[in-house]
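Some notes on the structure that comes next.
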Amino acid sequence: MQVFRAYFKVMRGSAASLAISLSVFLGLAVLFSFIAPAAATSEFEPARTPVAVINRDGDAQLAQGLVDYLGRAGRLVPYPDDEEKLQDALFHRRVEYIAIIPPGFSDAFMSGGDCAIQKVIVPKSTSSHYVDMSINRFLNTVKLHRMYGGEGSEAELAAAAIADLAVDIPVSLKTGRAVSGEYRPGYSYYYAYCAYALLAMVMMGVSSIMIAFNQSDLYLRNLCGPIPRRNMSLQLALGHGVFTLGCWAILVLGSLILHGQSLIPSGLVGLYSLNTLAFAAVCTGIGFLVGSFVKSYGAQSGAVNVIAMGMSFLGGVFVPQSIMSKQVLAVAKFL
């Protein structure tokens, strides 16, 4: 196993380049995987508009019931009946809706007379429509109880309306991102950038070995040596395999350290690992090809950087394929 031992002695010369590739990858993986977009929420939470209610109807129970309901449907902000302070509150957006219950409103409503709640809103406010709907919903519910539920006091009608409107209906949302599968967890970003790191590391290591063993003097000397050429090729292949497995194991272990809490419960560890292992085999072949044609280490660095970066960009590692043109995608499919 002289060739196999010599393999890793030569590999020490490329340790600096491999360490740089690994460091760049880990930096990118940590950066992008932890700033990945958060999952879109599937829970519906109603908007709570800041509302100020000026009750000029005194101690009327219906008006008080409306104030209580708006406090549940929105965010009730207490303000005195002072025009200047209310205008300041609207200007500074401390409230977006001011509801003014006029005197005699409850009596007029109960008797079926004309009555209206005055409002002052922020110009072009969309949230004011939600408050309008809440007020109309409360008053219409009170009217239904008064018409079909029998006679009752204002307090009883207001309490019955609030009880009916307090029923919560669970709502789940299917957002565009959730439906299209656009959302990606942090570990998916890790394995996406893993393609660049694995390709660069394996190409650098394998091509360095091939350049060293393909030097004319060493190559001719090995041909004259006692080790058969087939045996030498098998030991080189074994070295390539061990080196590639080592790079693959380091990157998979990194994913478990950084994202184990979310990756392991997802049940995708095996699939990601096998997919990465298959890609590692491809990287080994590309590295062997580069090492067979490149004769100097200067040319090797250029070839490794161009191939690794180019394939990563065209393959969708750094740039999403969804924004690529058809011509670029055709080239990417060839690669």
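Since every read-out is calculated from the coordinates, none of them should be taken as a lab result. Just so you know, these numbers come straight off a predicted model, no measurement behind them. All Cβ positions, glycine included, derive from the backbone under ideal geometry; neighbour counts span all protein chains shown.
The table below lists the values:
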item	result
Dipole of the chain, positive end: most advanced residue of GLN300, PHE243, VAL3 [Cβ charges, Cα centre]	VAL3
Inter-label distance, nm, simple model (7 Å from Cα along the C-beta direction), GLN215/SER125	8.0 nm
ILE54 long-range amide H proximity, modeled H, under 5 Å	ALA99, ILE100, ILE101
Distance between modelled label sites at LEU329 and ALA47, nm, 7 Å Cα→Cβ extension	3.7 nm
DSSP beta bridge pairing in region 51-123, given as percent antiparallel to the nearest 5	40 percent
Of all DSSP beta bridges in the chain, antiparallel share, percent nearest 5	40 percent
Where N is the number of residues in region 236-335, Cα Rg divided by 2.2 N^0.38 Å	1.27
Relative packing of 104-112, 226-234, 292-300, which averages over residues the other C-beta atoms within 10 Å, highest first	104-112, 292-300, 226-234
The chain: most fluctuating residue of TYR272, TYR189, TYR148 per GNM, C-alpha cutoff 10 Å	TYR148
Cα pair distances in the chain, grouped into 10 Å bins until the bin that holds the longest one, percent each	5, 18, 18, 12, 9, 10, 10, 8, 6, 3, 1, 0
Stretch gain in nm, segment LEU277-ALA116, where the contour uses 0.36 nm per residue and the Cα spacing is subtracted	50.8 nm
Semi-axes of the equivalent ellipsoid for region 50-170, Cα gyration tensor, largest first, Å	25, 17, 12
Cβ crowding within 10 Å averaged over residues, with 88-99, 310-321 ranked highest first	88-99, 310-321
Relative contact order (percent, whole number), region 50-170, Cα cutoff 8 Å, 6+ residue spacing	30 percent
Cross-link reach list, lysines versus LYS85, counting only Cα pairs under 17 Å and skipping chain neighbours closer than eight places	LYS119
Extension gain (nm, one decimal) between GLU83 and ASP68, 0.36 nm per residue minus Cα-Cα	3.2 nm
Sequence ranges 196-209, 116-129, 51-64, ranked by mean other-Cβ count within 10 angstrom, highest first	196-209, 51-64, 116-129
Taking the chain and dividing mean pair separation by its residue count, relative contact order in percent (alpha carbons under 8 Å, at least six apart)	23 percent
PHE4 paired with SER301, simple spin-label distance in nm, labels 7 Å along Cα-to-beta-carbon	3.3 nm
Residue among LEU251, LEU289, LEU157 with the largest mean-square fluctuation in a Gaussian network model of the chain, springs linking Cα atoms under 10 Å	LEU157
